[in-house]
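Following: one structure in structure tokens, then a few remarks.
Only the coordinates and a few stated rules stand behind these numbers; no lab work does. All of these numbers come straight from a predicted model, not from anything done at the bench. All Cβ positions, glycine included, derive from the backbone under ideal geometry; neighbour counts span all protein chains shown.
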Amino acid sequence: MGSEEIPMPPGLPIMGNVRDIDPAAPVQSLNRLAEQYGDIYRMNVYGTRFTVISNNQLINEVCNEKRFSKNVNSALRQVRNGVHDGLFTAFHEEEASWGKAHRILTSAFGPLSIRTMYDDMHDIASQLTMKWARMGPSEPIHVTDDFTRLALDTLALCAMDYRFNSFYSAEMHPFVEAMGSFLYESGQRSRRAPLPAYWYRKVDEKYFADIATMRAVSDGVLKARKEQGTSERKDLLQAMLNGKDPRTGEKLDDASITNNLITFLIAGHETTSGMLSFAFYNLIRHPEAYRKAQQEVDDVCGTGPISVEQLSKLKYVAAVLRETLRVSSPIPAIAMTPLKDETLAGGKYFIPAGQNISLLLYRAHLDPAVFGDDAKEFKPERMLDENFERLNREFPNSWKPFGNGARACIGRPFAWQEALLVMAMLLQNFNFRFDDPSYQLHIKETLTIKPDGFYMRAQLRDGLT
Ligand code: HEM
């Protein structure tokens, strides 16, 4: 037992603290409660208890994988209905299937393989640039929608040589429609009141039909690739078809390939779109940072085509992305659980084995003990290579937008290359401003966070066509 009680907001019988959480903005609710109850507090939702932690000291302790492991929390458990033991949603105890896929895919997601995807990334980034150029400077751009199109089309092309062509049709591809509804409903299901199943039968029918649509598209792509025999392509699908687990010599079966193909699209699209949207919001809000980022792109890339070699020279742009992920991490919380009964903070707080701990990055990334009194301010300078390395040395686990340890993001090099390219291409070609200069940031929450109602206008720069 711990020496201190973990603070807990008063709740109602049966429902517990359900009414403390706004279903449309659960993370912002948890953040408000942290302001009130402190860096650690406990919640009860229909009898299920979980602990919320939101400072670097506690998070650093819980990131120790000898004592804690990733917890597939209630929303992710629902996502399992669609992708089962795919990498993102595999339980800790499913080490056999997770480990096999992880080992086979690690090299496919390594920096060298990602470089071979550069031309496909460039293709989709050019489509976005062309669209915005044609829209002209007086048309408001719905920023998150277009970055979501970009992220999805890039993933589908690089992962499985499939084109959603989102920039060429007003309607979203049926896969994309189905995935959007599936993710939304997975979130809803995780907060459902415990009513008889028949109460939900209409939404459930649609939910399982959406899953069938996603799996049918993915199975179709897999079947076509297998019929084609050997392929020259070095995409993720081919890596999964050819790859052998170095430990067991086994290959992935078809169901696992489909689970992971859909997983990449789910895990990679909102996150990348959120990061790019917040990055442009931050740059427009901070003209000096904007000027420096654009100047760097001009110095490194000039006005010609952007090459993959140039991307690693964009040090300030990289710092803009890191700082963006700090102040507005698209995945605003990750979940861990103790492997056995544990105490935190030197024996103070007791957490039983298996209980969910929510690591609220949304607040911990602004910890003044790490980032100082100006922690809430957007300052890319603090994320320049040297400062970033010092931060990770002095305050381990203080910057966690890509998750923790073995279960951290496998798609990080992919997202990084794509984001640097898109930032460079857009800053090279356009000047941006808010559509509505009085726009105030609102956060929209799904399984990730994004700026809500954010529109900007794009003016082609002088001398560029
Ligand atoms: C895991 C963030 C892009 C695929 C994660 C986790 C985070 C994260 C926080 C850990 C989740 C947890 O602990 O529950 C991000 C961010 C991205 C991004 C911020 C973009 C800025 C991508 C992309 C892909 C991807 C582009 C695929 C191409 C995955 C997968 C996992 C994962 C498969 C599960 C890894 C495992 O458990 O083995 N990501 N991600 N992510 N991400 Fe990403």
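The table below gives the values:
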quantity: Cα-based reach from Lys348 at 25 Å (exclusive), listing lysines while leaving out same-chain residues under 8 positions away; calculated: Lys66, Lys70, Lys340, Lys400
quantity: Inter-site label distance for Asp385 and Asp145 at 7 Å from Cα along Cβ, in nm; calculated: 4.0 nm
quantity: Axial C-alpha extent at least 30 Å, average Kyte-Doolittle at least 0.0 - helices from the chain (DSSP); calculated: 254-285
quantity: Positive-pole candidate from Thr129, Asn56, Tyr41, dipole of segment 1-131, charges at beta carbon; calculated: Thr129
quantity: Förster-model FRET efficiency, 30 Å R0, Asn165 and Asn242, C-beta, rounded to 0.05; calculated: 0.65
quantity: Asn356 long-range amide H proximity, modeled H, under 5 Å; calculated: Thr51
quantity: Neighbour net charge for Met172 - beta-carbon separation under 12 angstrom, K R +1, D E -1; calculated: -3
quantity: About the Cα centre, charge dipole magnitude for the chain (Lys/Arg +1, Asp/Glu -1 at Cβ), debye; calculated: 600 debye
quantity: Global form of segment 309-456, assessed from the alpha-carbon gyration tensor, a/c cut-off 1.5; calculated: prolate
quantity: Helical contribution to [θ] at 222 nm, DSSP H n ≥ 4, -39,500 (n - 2.57), averaged over the chain, rounded to 500; calculated: -16000 deg cm²/dmol
quantity: Cα gyration tensor, segment 49-110 - rounded (a/c under 1.5), prolate or oblate; calculated: oblate
quantity: Cβ-placed point charges (K, R +1; D, E -1), dipole of segment 165-231 about Cα centre in debye, nearest 20; calculated: 260 debye
quantity: Environment charge of Arg233, counting only residues whose C-beta is closer than 10 Å and scoring Lys/Arg +1, Asp/Glu -1; calculated: -2
quantity: Length gained when the stretch Val203-Lys348 is fully extended (0.36 nm per residue, less Cα-Cα span); calculated: 47.8 nm
quantity: Check: segment 377-440 dipole with +1 on Lys, Arg Cβ and -1 on Asp, Glu Cβ, in debye; calculated: 280 debye
quantity: Counting DSSP beta bridges with both ends in the chain, the antiparallel % (nearest 5); calculated: 90 percent
quantity: Amide H contacts under 5 Å for Ser69, placed H, 5+ residues apart; calculated: Thr337, Leu339
quantity: Distance from segment 163-207 to segment 58-107 (C-alpha centre basis), Å; calculated: 23 Å
quantity: Cα gyration tensor, segment 375-435 - rounded (a/c under 1.5), prolate or oblate; calculated: oblate
quantity: Cβ-based charge dipole, segment 162-212, positive-most Cα from Gln188, Met172, Ile211; calculated: Gln188
quantity: Cα→Cβ-extended label distance, 7 Å offset, between Lys234 and Glu35, nm; calculated: 5.0 nm
quantity: Residue (of Leu252, Val320, Phe264) at the positive-pole extreme of segment 250-335, dipole from beta-carbon charges; calculated: Val320
quantity: Sum of side-chain charges, Asp219 neighbourhood, beta-carbon under 12 Å (Lys, Arg +1; Asp, Glu -1); calculated: +3
quantity: Neighbour-count order for Asp153, Asp253, Asp85, fewest beta carbons within 10 angstrom listed first; calculated: Asp253, Asp85, Asp153
